[in-house]
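Scroll down for the structure; my scribbles are underneath it.
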Amino acid sequence: MDRRRFLEMSMVGAAFAPLAVRAQTPPPAAPPPFPPADARSVWLVGDSAPPNPVANTQRLLDLLQARPKIREAYLSGGATAELEARFATRLGKEDCAFLPTGTLANHLAVRVLAGDASRVIVQRESHLYRDESDATQLLSGLNLVPLAEGRAAPTLAEIKAAVDEAENGPYPLRVGAISLESPVRRVKGEMIDLALVREISAYAKAKTIRLHLDGARLLLAPPGYDVAGTAALFDTVYVSLYKYLDAPFGAVLAGSKADIAKVRDLRHRFGGTIYQGWECAVPALAALDDFDARHRAAFAAADQLFAALKAQGLATVKPAPNASNIRELVVKPKVAEGLFDRMRVAGVRMLKPEAGVVEVYVNDTLTRRPVEEYVRLFAG
């Protein structure tokens, strides 16, 4: 065999060698399957249990038996009007409008609040800036100015600088609104410190700049949080109906009568005045009836769990003074090993630990099992 032929054969052999090795290496074992969801299923990830179409349909039928007066037309009257009134009271606002999506609620809020101004200050990590496909820019001609990349909120100094840049440039522009999301989903559900919100609110009022709160997950704040007091610092407040209030979709936007009247007009122009909203209003009203009690029970169970894990040397909670319902647990390496699979087999959904940290979302599914059962799963 000449030298050229020898090299060619060597290269062919080298190319097929990894295939031979791979053929002899068994594929990684598939993770154990989740058991079917039932009344004991727990989600330590997410804001609530995911929707179950069959169970939710039966639940809606049961609720309708006890609520005969739901008739409405184009979101006027009936259960939808009752839901709007309920949220207006809860948020301490004059009026409230149902909207089919939170994206539309955020969009219409900043459009109404900005008025003739073209600039709106937002968080870089907010839903309004990151998840709404430039809708406010495209459909309402607003220029969103993003601040605080990687953080929950801009400082007051950053906001002042953005306003100064707009007002004192070669072609002065007016900032019409500031939108703040709290809790901030993209920053582990961190809430904006109330002291900072008060500072921003006072500055905005002095500058005749109006404020919108994207409070999609506002009700997931720890028990005792002053929801109405926070809402009072803003001109408009949006809350989601489907993330943890059992509605199949939908949102509410609360504010003054004048602002919400404009929102209702724009809702129609944007094609959001659907024929009926009772499918969302009825389950959301029922969820509100005992939401506070369930929320307190979930946080109490979480506190007991975290204390037990710490007492047994299994995990500690990372300090997070502005956390909403998301906690980060620092777990020992032996605990982290196999934790996800143990939980999975037991019917407890959670995120996989990363670098010795696991995120735990506090929601009312936590109360479906005794704390001791979770501790045993952590212990392995």
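The values are calculated or read from the model by the stated rules, or taken from the named source; none is laboratory data. The structure displayed is predicted, hence computed values, not measured ones. Glycine also receives a Cβ, built like all others from the backbone with ideal geometry; neighbour counts cover every protein chain displayed. Each accessible area value is taken on the protein alone, full model and side chains, heavy atoms only, with ligands, DNA and RNA left out. Shrake-Rupley method; radii C 1.70, N 1.55, O 1.52, S 1.80 Å.
Helices (runs of 4 or more DSSP H) fully within region 55-144 that include at least 1 residues being in contact with a Pro (Cβ under 6 Å, 6 or more places away or on another chain): 127-130. Among the residues of region 229-250, are any small (Gly, Ala, Ser), assigned to a strand (DSSP E or B), in contact with a helix residue (DSSP H, G or I) (Cβ under 7 Å, 6 or more places away or on another chain) and under 26 Å from Leu147 (Cα atoms)? Yes, region 229-250 has at least one match.
The set of residues from region 142-169 being open to solvent by 50 Å² or more (accessible area, probe 1.4 Å) and either farther than 21 Å from Asp193 by Cβ or touching a Lys or Arg at 6+ places or on another chain (Cβ under 7 Å) (or both) comprises Asn143, Glu149, Asp164, Glu165, Glu167, Asn168.
In this structure, Lys243 does satisfy being open to solvent by 10 Å² or more (accessible area, probe 1.4 Å), out of contact with any Gly (no Cβ under 7 Å at 6 or more places or on another chain), under 24 Å from Pro283 (Cα atoms) and touching a residue at least 24 places away in the same chain (Cβ under 8 Å). Only residues that are buried (at least 23 other Cβ atoms within 10 Å of the Cβ) and part of a loop (DSSP other than H, G, I, E, B) were counted in region 207-228, giving 3. If you go through region 228-244 and pick out every residue that is within 15 Å of the chain's Cα centre (by Cα) and either over 19 Å from Gly92 (Cα atoms) or hydroxyl-bearing (Ser, Thr, Tyr) (or both), you end up with 5.
Close Cβ contacts (under 9 Å, 6 or more residues apart or on different chains) running from residues in region 328-342 that are among the small types (Gly, Ala, Ser) to residues that are open to solvent by less than 30 Å² (accessible area, probe 1.4 Å) comprise Ala336/Gly356; Ala336/Val358.
Pairs linking a residue in region 246-258 that is without any contact (Cβ under 8 Å) to a residue 60 or more places away in the chain to a residue that is in a loop (DSSP other than H, G, I, E, B) and of a type in the set (A, V, I, L, M, F, W, C), with Cβ atoms under 7 Å and 6 or more positions apart or on different chains, are Ala247/Leu241. Here Val120, Val163 are screened, and the one residue that is among the aliphatic types (A, V, I, L, M) and within 18 Å of Leu213 (Cα to Cα) is Val120. Ile260 passes every criterion in (1) touching a helix residue (DSSP H, G or I) at 6+ places or on another chain (Cβ under 7 Å); (2) open to solvent by less than 30 Å² (accessible area, probe 1.4 Å); (3) within 19 Å of Glu94 (Cα to Cα) apart from (1).
For (1) of a type outside the set (S, T, N, Q); (2) farther than 30 Å from Leu220 by Cα; (3) over 16 Å from the mean Cα position of the chain (by Cα); (4) part of a helix (DSSP H, G or I), each residue gets a yes or a no:
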{"position": "Pro146", "(1), (2), (3), (4)": "yes, no, yes, no"}
{"position": "Gly150", "(1), (2), (3), (4)": "yes, no, yes, no"}
{"position": "Ala153", "(1), (2), (3), (4)": "yes, no, no, no"}
{"position": "Ile159", "(1), (2), (3), (4)": "yes, no, yes, yes"}
{"position": "Gly176", "(1), (2), (3), (4)": "yes, no, yes, no"}
{"position": "Arg186", "(1), (2), (3), (4)": "yes, no, no, yes"}
{"position": "Leu196", "(1), (2), (3), (4)": "yes, no, yes, yes"}
{"position": "Glu199", "(1), (2), (3), (4)": "yes, no, yes, yes"}
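Contact map, region 273-289: residues that are without any contact (Cβ under 8 Å) to a residue 60 or more places away in the chain and within 23 Å of Leu220 (Cβ to Cβ) paired with residues that are open to solvent by less than 10 Å² (accessible area, probe 1.4 Å) and in a loop (DSSP other than H, G, I, E, B), Cβ distance under 7 Å, separation 6+ or inter-chain. Pairs shown: Ala287/Leu245.
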